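Can you read through this structure? Questions will come right after.
The values are calculated or read from the model by the stated rules, or taken from the named source; none is laboratory data. Since this is a predicted model, take the numbers as computed values, not measurements. Quick reminder, even Gly has a Cβ in these numbers, built from the backbone with ideal geometry, and neighbours come from all protein chains shown. Ligands, DNA and RNA are excluded from the accessible area calculation, which covers all protein heavy atoms including side chains. Shrake-Rupley method; radii C 1.70, N 1.55, O 1.52, S 1.80 Å.
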Amino acid sequence: MKLTILDGYAVNPGDVSWDMFKELAQITVYPRTTENQITQRIGDSDAIFLNKVPITDEILSQCPNLKYIGVLATGYNVVDIEAARQRNIIVTNIPSYSTNAVAQHVFSFILHFTNHVSVHNESVQNKDWINCPDFTYWKLPLLELAGKTLGIFGYGNIGSKVAEIAKAFGMNVICNTRTPKENMPPLVSFEELLKQSDFLSLHAPLTEKTKNIINKDSLSLMKKSAYLINTARGGFVVEEDLAKALKENQIAGYAADVVTEEPMSKNSPLLGIKNCIITPHIAWAPLETRKRLQGIAYENLKAWINHNPQNVVN
């Protein structure tokens, strides 16, 4: 059996190994694959792994030997699921592998805004403390999380983990979700979530209903002292509206691990705004998390080979 990995660099830039998959198949690994290389590289492969390489109906029509597509991520919108189903091609994903890592990233953003560690370290390294007449000083206001309200939009695995951490900090947690559960924080309307939150963290799936849900109207409902955190999808946000709101201090800050266009465009309206923090889609990427992802991908492929596929999305 032939397995081709189309964009392996994101999961494995060299610090983990693909060797386990050699037990199951003859493998070929490409660090990256452009759109005009996809069909040629798939060739007569029985199975492929991909992360962000788009697999369309047209591509599938040119790869008659393909029987299995393993998406090396939780989201699988890069694959034409219906076209794969019609061709009896199994598509699997990697659920719940990054919950701890993404929740951790959320709080790295929140603590950036409350403690300003990098700002104060830079100040100390610039000898401001050496030249200070007092034993202490602060460059920006410091905030205590206890008693603050964290709003969570979308209460799946990651949203619930974020709530758990928030409670350890003594925060009040409220949420808005399409799938209520038992023992969850108080459920409020989206409008109330916007109005009440001191920190608002986005964790819902990106759908037609949630696309552009953060816009000039929703931003106008938030507290001027509120911070917005987005580790989910850039498509939640109308970036032009958000940039304007940040420049006019309608909200206190925005931190995101995702943007609408990735890699980020040089024309992004969010570039160069002082109260806007952006990381390059790394919340999912700790070493332990990527090893876990590979392990699940291995088990997915093995289960399919044994005619008992798991984590199937079509």
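Between the alpha-carbon centers of the stretch 236-278 and the stretch 75-151, tell me the distance in whole angstrom.
15
So, one more: Loop-only check: which trypsin sites (Lys or Arg not before Pro) in the stretch 215-251 are DSSP coil with at most 12 other Cβ within 10 angstrom? Please list the in-between numbers first.
Numbers: sites: Lys216, Lys223, Lys224, Arg233, Lys244, Lys247; in loops: Lys223, Lys224, Arg233.
Passing sites in the stretch 215-251 are Lys224.
Which three numbers, in whole Å and largest first, are the semi-axes of the equivalent ellipsoid of the stretch 69-133 derived from its Cα gyration tensor as √(5λ)?
49, 11, 8
Counting each DSSP H run of 4 or more residues in the chain as -39500 (n - 2.57), what helix-only mean residue ellipticity at 222 nm follows after dividing by all residues, to the nearest 500 deg cm²/dmol?
Numbers: 10 runs with 93 residues, N = 314.
Calculated mean residue ellipticity at 222 nm is -8500 deg cm²/dmol.
Using only the alpha carbon atoms of the stretch 216-280, find the Kirkwood hydrodynamic radius as the inverse mean reciprocal pair distance, in angstroms to one decimal.
On the way: mean 1/r = 0.0852 Å⁻¹.
When all Cα pairs of the stretch 216-280 are included, the Kirkwood radius is 11.7 Å.
Quick check for me: using +1 on Lys/Arg Cβ and -1 on Asp/Glu Cβ, what's the dipole size of the stretch 161-314 about its Cα centre, in debye to the nearest 20?
Charge dipole, the stretch 161-314, about its Cα centre: 200 debye, nearest 20.
Looking only at the stretch 283-314, which residues have a backbone nitrogen under 20 Å from a spot 7 Å from the Cα of Phe169 in the C-beta direction?
Residues 283-286 qualify, since their backbone N sits under 20 Å from the label point.
With the alpha-carbon atoms as the only input, what is the per residue convex hull volume for the stretch 165-314 in Å³?
165
What is the P(r) of the stretch 1-67, as percent of Cα-Cα pairs per 5 Å bin from 0?
Answer for the stretch 1-67: a P(r) of 4, 17, 30, 25, 16, 7, 1, 0 percent.
Counting only Cα atoms, I'd like the Rg/Rh figure for the chain, Kirkwood definition for Rh. The partial results should precede the final answer.
On the way: Rg = 22.0 Å, Rh = 21.5 Å.
Rounded to two decimals, Rg/Rh equals 1.03.
Turning to a different aspect of this structure: Starting from the 7 Å offset along Cα-to-Cβ, what nm value, one decimal, do you get for the label separation of Asp128 and Ser265?
3.5
Now, a different point. Tell me the carbon and sulfur percent of the accessible area for the stretch 56-111, rounded to whole percent, probe radius 1.4 Å.
Reported share for carbon and sulfur atoms: 47 percent.
Could you sort 50-61, 198-209 so that the peptide with the highest average Cβ count within 10 Å comes first and the rest follow in order?
Descending packing order for the listed peptides: 198-209, 50-61.
Taking every DSSP beta bridge with both residues inside the chain, roughly what % is antiparallel (nearest 5)?
Looking only at bridges with both residues in the chain, the antiparallel portion is about 5 percent.
Rounded to the nearest 20 Debye, what is the dipole magnitude of the chain about its Cα centre when Lys and Arg each give +1 and Asp and Glu each give -1 at the C-beta?
Working: 30 positive and 31 negative charges, 45 e Å.
For this selection, approximately 220 debye.
Further question: In square angstrom, what is the accessible area per residue of the chain with a 1.4 angstrom probe?
51
Determine the principal axes of the Cα atoms in the stretch 71-176, then give the extent along each, sorted from largest to smallest and rounded to whole angstroms.
74, 32, 16
Net charge near Trp129: determine it from the other residues with C-beta under 15 Å of the C-beta of Trp129, scoring Lys and Arg +1 and Asp and Glu -1.
Details: positive: Lys127, Lys139; negative: Glu122, Asp128, Asp134.
Value of the local net charge: -1.
Here's a follow-up. Along the charge dipole of the stretch 3-51, Cβ charges K/R +1 and D/E -1, which of Gln26, Gln37, Leu6 sits furthest on the positive end?
With unit charges placed on the Cβ atoms, the residue in question is Gln37.
Also, quick follow-up: Please compute, for the alpha-carbon atoms of the stretch 1-152, the extent along each of the three principal axes and give them in descending order in Å.
74, 33, 30
Once you've got the Cα coordinates, tell me which of Lys127/Lys161; Lys181/Lys247; Lys127/Lys195; Lys211/Lys244 are over 29 Å apart.
Lys127/Lys161; Lys181/Lys247; Lys127/Lys195
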